[in-house]
Structure formats: structure tokens, C-alpha cells
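Peer 1: Take this structure first; my questions come after.
The values are calculated or read from the model by the stated rules, or taken from the named source; none is laboratory data. Bear in mind the structure is a predicted one, so any value in this text is a computation, not a measurement. Positions of Cβ are backbone-derived with ideal geometry, glycine not excepted, and every protein chain shown enters the neighbour counts.
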């Protein structure tokens, strides 16, 4: 029988530290007796007192209990739950310092992982810092000891839900009503069988997808309808996987977001992927247009096109757009959005994106500009063949700097492109999440 591994006993008391830098997870980094220690709530240049949260073989972890000498970048968190909630990790850092830190990470990752220097750095793209998050998955749990239902994000470094009364980064239609949601769920017969509520906000409406592990009684369904009617929510039920999602209230519902500069309205379902920050998304699209230098005679290939977030604005400015996406439901939505916006020069296809280059070469289709917006895993299988398409410009939109840097190295060192410019976009303020954009030109 295997012996249970004993947890190391933590040193008791408070300890001094001088913070040297900021980790990629937003924790202060210092060295105690030569050993790296990551401290929640600490900023570079600060002298703090901390307590140990864990000790490991290669590094230790701690939590600030007192700031002795504060950084000029330190601010008072707006949210009263900032110290415990894992949804944010940088509320104690000014917005200006956050974006500087993210830009430094971009530069370092390109240098370290891609052996590339960003000679022309884009000005950071910023928008709304609070109440911006229009997509989220909230945990739900009844806590017996508290005799309460909790709704929200998990605690830092914990599987437990944080006890939240409100959330400052969620869209206000939900962020200011967490306690109302807690009260609602507790009133249901199935209150212990609801593990999750998914949030999706359009420009005008907010939808909630309620995941439930048992069939809901008529009384529970009526309570959800009354709540939705009172607080102006759309309510969907999800008894099993994503395919089981069904609209409960109202009888007909839709979600949209506007791209006013292009005269477009894009429809989406509450479980579709969309960019979480609407204001930043609009600025991001404008920047993409500018960097690609779109012209009326351009033929653009949009890879990982989703529901048409970039494809449709591009179609209003160029000769043709071809969008490729791996998920059929999003392709259907993109085609519907093209029809509803009366765009006839854009086509959408479901396919294996890693085979895109070979497919278009066989069909003798050519594109002079390419846009990629892949998931966190990046697009290495795509970019290692993309040079054969001979596009003049490639714009890469990324939600993971590490995979962007990896793919940039392939484009520059093996596919015959040079890096023109790159920069960060603050899609997720108050967090360490970094979105970025890089432009490549054929040599």
C-alpha cells in the first residue's frame, strides 16, 4: 500500500521580502536564501511582510500581509473581494502599470522564445477597465456551513468558490446582481443540483445558461421565468452537454453586438465564442484593418474566423473574404450574419485548418492578405505551411503570447516573412491575461 505523502509544515509568522519582479501570473517574485518565492499581492520594488502559503522543492509561495514600502504603481483595489477572488489578480496595480507589464512580457517572450526583437512596438490598445466582461462561466455551490448558495469565481489557489456579493469586472447586468442570483438558486427545489451559470451579454440583452443535473420541477421553472422577467434576463436551460441547451424565457430571444463603424450587427448564441470586451473588440478590428492596409482589390483569407468578427468588417472594405473555421455551428452563424448584413463577397467553410494551404493551392485560389485569430494553442500546424500561399501580409491576433512567439519564429525563420510590428491589447484588465497582435510581411 502506497504511503501517503505528508504535507510540509509551513514556517509560522511573518517574513520580510524585497520584491524583484512580477511573474507571468501577476505575483511578486523575490529570493529567500537563494530560493524563488512567489508572493500574491506584491509589486516590483516593494518591501513587504508575507506569510508562507506553500513550500515546494524548487520554489515557495506566499501572501502579502503588510506593505512596508509601497510601489508608486500600487492602487486601492476597486473590488472588496480582490484579495480572495481568483477572477482578478492585478487590481492592486494601476492600469498604466498593468499594460506596461504586459508589453514587457510580449517583448521578452519574442526575444526568449522566437529570437526576435520587436523593432516597432504598437501603442498598447486599451478600452473599458471595469464592467467589461460580457462572457463568463460562474460556479454555483450550496455551502452547508454557511447555509447559503454561492455564485461566482473560485478563490485564489483553491477549488472553493469565493463568497462574493458583486463583481466589478463582470458586465453590470450580472456583476451587480450576484446576491440576487444566490437568492434565486437557494429558493429552488434543485438548489443543490445546479453547478454552473454561464453568462453572455449582447449590446442590449443578457442571457444566462443554467446548468442543472436533475430535471427541474414546474415550480422551479416558473421561479426562473419570474426572475428573468423581473431582471430582464434571457434564461436558457442546460440539462446535459452543450447540444442540450434550450431557451426557457422569453419565447423568442437573440443576442447581438454592433460594429457601428462598418454598419454591421452580428448575432450570436449565448454559448458561442465572442470577444469578452466589446469596446476593446471594436478598437481591435479597426487596428487590424489599419495594419493589413486593406484595399478594395484585396482578397483576404481569415483563419479561425469564428462567427465572422473580422471577416464581415473586412468584407465591407475588400474584394473578397474567405473564412475558415473548425466548428460547424460558428460557420453557420457566420454565414447567417453575412446574409443578414447583405454581404455577398464573403464565403465561410468548415475545415481542417492545418490543411488550408494545400487545399487552396490545389484549387489555385490566391490571397494577398491573411488574418489568423487562433485559440490559446496557437496555429503552428497552419503557419508551417502558410508561406506557400505567398500572401503579402499576415496579421496574427493572439490570446497567448507564448504560442504567438513560437509561431512568429516559424514565420520569420522558415516561411520567408519579416516581423513588421507587434503590440498588446488589454482585453482582460485587472488580470494577467494578455492579448496581442503581430504583423508580418513577405520578404
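Peer 1: Under the condition of being free of Cβ contacts under 8 Å to residues at least 24 places away in the same chain and closer than 10 Å to residue 17 by Cβ, which residue from segment 30-83 is surrounded by the fewest Cβ atoms within 10 Å (Cβ to Cβ)?
Peer 2: So the residue we want is 31.
Peer 1: Then there is this: Test residue 76 against the stated conditions and say whether it is over 22 Å from residue 159 (Cα atoms) and in a loop (DSSP other than H, G, I, E, B).
Peer 2: So residue 76 passes the test.
Peer 1: Give the residues of segment 233-255 that are crowded, with 20+ Cβ neighbours inside 10 Å and either without any contact (Cβ under 8 Å) to a residue 12 or more places away in the chain or within 22 Å of the chain's Cα centre (by Cα) (or both), sorted by residue number.
Peer 2: Listed by number, the list holds a single entry, 255.
Peer 1: Go through segment 385-398 and count every residue that is at pLDDT 95 or above and surrounded by fewer than 20 Cβ atoms within 10 Å (Cβ to Cβ).
Peer 2: So the answer is 1.
Peer 1: While we're on this one: Given the residues 275, 258, which is the only one that is assigned to a strand (DSSP E or B) and surrounded by 12 or more Cβ atoms within 10 Å (Cβ to Cβ)?
Peer 2: 258
Peer 1: As an exercise: evaluate residue 222 against (1) in contact (Cβ under 8 Å) with a residue 24 or more places away in the chain; (2) assigned to a helix (DSSP H, G or I); (3) closer than 24 Å to residue 254 by Cα and give the number of the one condition it does not meet.
Peer 2: (1)
Peer 1: Now, a different point. In a strand (DSSP E or B), under 29 Å from residue 433 (Cβ atoms) and in contact with a helix residue (DSSP H, G or I) (Cβ under 6 Å, 6 or more places away or on another chain), is that true of residue 208?
Peer 2: Criteria not met by residue 208.
Peer 1: Then there is this: Any residue at all in segment 292-309 that's part of a helix (DSSP H, G or I) and crowded, with 22+ Cβ neighbours inside 10 Å?
Peer 2: There is at least one residue in segment 292-309 that is part of a helix (DSSP H, G or I) and crowded, with 22+ Cβ neighbours inside 10 Å.
Peer 1: Here is a further query. Of the residues 152, 131, which single one is on the phi > 0 side of the Ramachandran plot, free of Cβ contacts under 8 Å to residues at least 60 places away in the same chain and touching a strand residue (DSSP E or B) at 6+ places or on another chain (Cβ under 8 Å)?
Peer 2: Exactly one residue qualifies, and that residue is 131.
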